[in-house]
Structures are given as C-alpha cells and as structure tokens.
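Report on the following structure.
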Amino acid sequence: MPEVSIIIPARNEEANLAACLESLTAQSGVPYGIIVVDDASTDRTREIAQSFAEVQVISPGPLPESCTGKNNALIAGAKQARAPWLLFTDADTVHQPGSLARALAEAKKEQADLLSYSPQQVVVTFTERAVMPVTFADLAAQYPPHKVRDQNSKVIAANGQYILVRRAAYDAVGGHAAVATEILEDVALARLFRHAGHRVYFRYAADAVRTRMYRNWMQLREGWTKNLALLFPQPEFLAFKTVLWWFAAWCSLAFAVTALIGHRRWSLIFAVVWLLAFLRISTAQFSPQNNLLAIALGPPIFAYLLLRSKQAHARGQVSWKGRVYDTAARDDSDRDGKQPAKSISRIEKQDLRTES
C-alpha cells in the first residue's frame, strides 16, 4: 500500500509530461503510486503517460456543467487513490530527487494537513523573463509565506502545482468536489482547510520542485488573464501602482546617472530609490539578470495583464486550454477581505487545441 498517491491532471501536456513523470518515478524513500488523469487530450499526452509502466492512467469521465476541467480531473484522481496522503501536482513540474520523502517528513514535522510548495519558476522567452518576476514579487507581497503559515492570519494561499494533503482532512472538508466551481481551486481548497481548523503550511521550495508555467506569450496571456483578478483584490489600483513605481525607478536611475556625471553627492539618493525597486523584485526568487530585465520592461506588461484579467472577469468569461468558463458575478472580496472569489455558472466546450 503506497503512503502517497500522486495525482497529475493532464490536458494536452505532451511538451511537459515526460520530464514530470521521469522525475516522479525516480523518487525514493517513501512508497507511492502515480495516477495521471488524461483530461480529453488530443495530443500524445495519454501515450506518453502509458509509456511509464509504474503509472496508472485514467480518464475523468464527462465534464459536469458546474465544474472546471482541472477540478473534474482532480476529483477523479482522488477517487482512484488509496493512500493516506495525496499529492496533487501539475504536469509541467519537475521534482528534485528525494523531494517527495522530504515533503512528507516536513508535513508531519509541521503537523500540516495541507502542505503547499511554490516551485522555482523556469523562464526562457523574453515575455516570461520580463513578466514572471514582477508577478511573483507582487504575489509574495500579497501572500507572504510566513503569514500564510500563521494559523490565526487571514492571509490564505496555496499553489496548485504542488499540494500535499492528509487524506482524512481532505475528505473531511469535501476535497476538490467542494471547490469544483472555483477557477482558483488551490486557494479555495486551502481556505477550506483553514476554516475547518486544519493546519496549512506554505513556502517557496526551489529545493523540491521547479516548473515552467508558460512556454509562449499566448499561453502566458491566457493563463494570467484567468487568474490575476482572482489573486489580487484591487487589480486596477495595483496596475496603476505598478506603472507608477516603474516610472519612478527609471526617473531615479536617470537622475542618479546625471548627478553622478556632475559629481553631485545627491546622486546616491536616486540610486537608493532604484535599489529599492530591485530589492522588491528580488523577493520573487529569480536571477539578478532576470530581475534587471523585469524592472526595465516588465511592469507595463504586468499592468496590461491585470487590466485584461479584470475586464475578462467583469464580462463574466475567461478561457483556458480550449474551454471557455462563464463566471458568475460575486463581490470582489471574500469574507477574509484578502481573496476575491468567482464561481462558474456554466462551461462552454470548444474544439480542443493542441499546444505546440
């Protein structure tokens, strides 16, 4: 009997799945099983999953009208799993050797019923390198891990790319079936755990897992359009503030250089302002080179994505991986005042698109 059941929802993930499964099948130190839930993929996702003898491949069945595709896959995977611990992880993740055993030991040590890791983010293209550090710096400010770990805090967060849960607690709160309508199901699940009195533990974990979330501009734009308005309570104000500090950083750098050329001591004042902007971006845990590029060009793109996300949710419609989700209107802040929430009224199924 495995101690951990690893559940991977996969929809058109032929570019990512092999590396993910190679890293998971190489884990040691704890008995585990792997379940890949093929969510109506039209590419080689199922074929790749079945090429691993240790992996069980299932289909989630018909997609209910009031459920997101990912939640439907996670529900199916959890029903199939038999272990006392469940690890929900995405197909675009790569797991460090021995990370599963260490994560389980950490969850037990911290007495956590839900342990979630924020993976190291891999960025390759220009837009990834420019946008991702800005986005994750603001996420770190909005959801500081030390506050999330404080069980008395109203700040609640989790990252769906890596969520390890105690099965008994997961079943007690209703699991993903209880958040089936939520587009941001990871945070919603963490909220359920916290409100039920179960301990939530969250941290940045480059030592355990890494991921490349988006491989091109179209994926990045669609993904953040779906999520940003849900992650930040006031996206319009944040967009304005982001552009303002970006402009201030550029002006400070220009004034510092001009003053330095003129041998004026007050050049240091403007240099300090720019340094503060750099330190703020550094909280996102990217390389210094990425941080410099992000400061230079990322904030206006991030502001655009914030406003686009706000407009999409205001219209009541977002899309992801060939499905269009109609979101029902709700207040822009939940009971905690920290996390806006949206629910799905219905799902319009479109032709599936295979990502190249």
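The values are calculated or read from the model by the stated rules, or taken from the named source; none is laboratory data. Since this is a predicted model, take the numbers as computed values, not measurements. Note that each Cβ is placed from the backbone with ideal geometry, even for glycine, and that neighbours are counted across all protein chains shown.
Computed values, structure above
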| read-out | value |
| --- | --- |
| Selection within region 123-177 - of a type in the set (Asp, Glu) and touching a Leu at 6+ places or on another chain (Cβ under 9 Å) | 128, 138 |
| Among residues of region 108-142, those that are aromatic (Phe, Trp, Tyr) and within 12 Å of residue 204 (Cα to Cα), counted | 2 |
| Pairs, first touching a residue at least 24 places away in the same chain (Cβ under 8 Å) and closer than 17 Å to residue 233 by Cα in region 143-155, second surrounded by fewer than 13 Cβ atoms within 10 Å (Cβ to Cβ) and of a type in the set (Phe, Trp, Tyr), C-beta under 7 Å, six or more apart | none |
| Among the candidates 64, 60, 97, 84, residue that is modelled with pLDDT under 95 and touching a helix residue (DSSP H, G or I) at 6+ places or on another chain (Cβ under 9 Å) | 64 |
| Members of region 100-120 found to be surrounded by 21 or more Cβ atoms within 10 Å (Cβ to Cβ) and under 26 Å from residue 282 (Cα atoms), listed by number | 103, 115, 116, 117, 118, 119 |
| Pick from region 175-200, criterion in a helix (DSSP H, G or I) and of a type in the set (Lys, Arg), ranking: nearest to residue 66 (Cα to Cα) | 191 |
| Selection from region 164-174 of residues that are in a helix (DSSP H, G or I) and touching an Asp or Glu at 6+ places or on another chain (Cβ under 7 Å) | 169 |
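Here's the yes/no breakdown for (1) surrounded by 20 or more Cβ atoms within 10 Å (Cβ to Cβ); (2) hydrophobic (A, V, I, L, M, F, W, C); (3) modelled with pLDDT of 85 or more:
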position: 270; (1), (2), (3): yes, yes, no
position: 285; (1), (2), (3): no, no, yes
position: 295; (1), (2), (3): yes, yes, yes
position: 311; (1), (2), (3): no, no, yes
position: 319; (1), (2), (3): no, no, yes
position: 331; (1), (2), (3): no, no, no
position: 335; (1), (2), (3): no, no, no
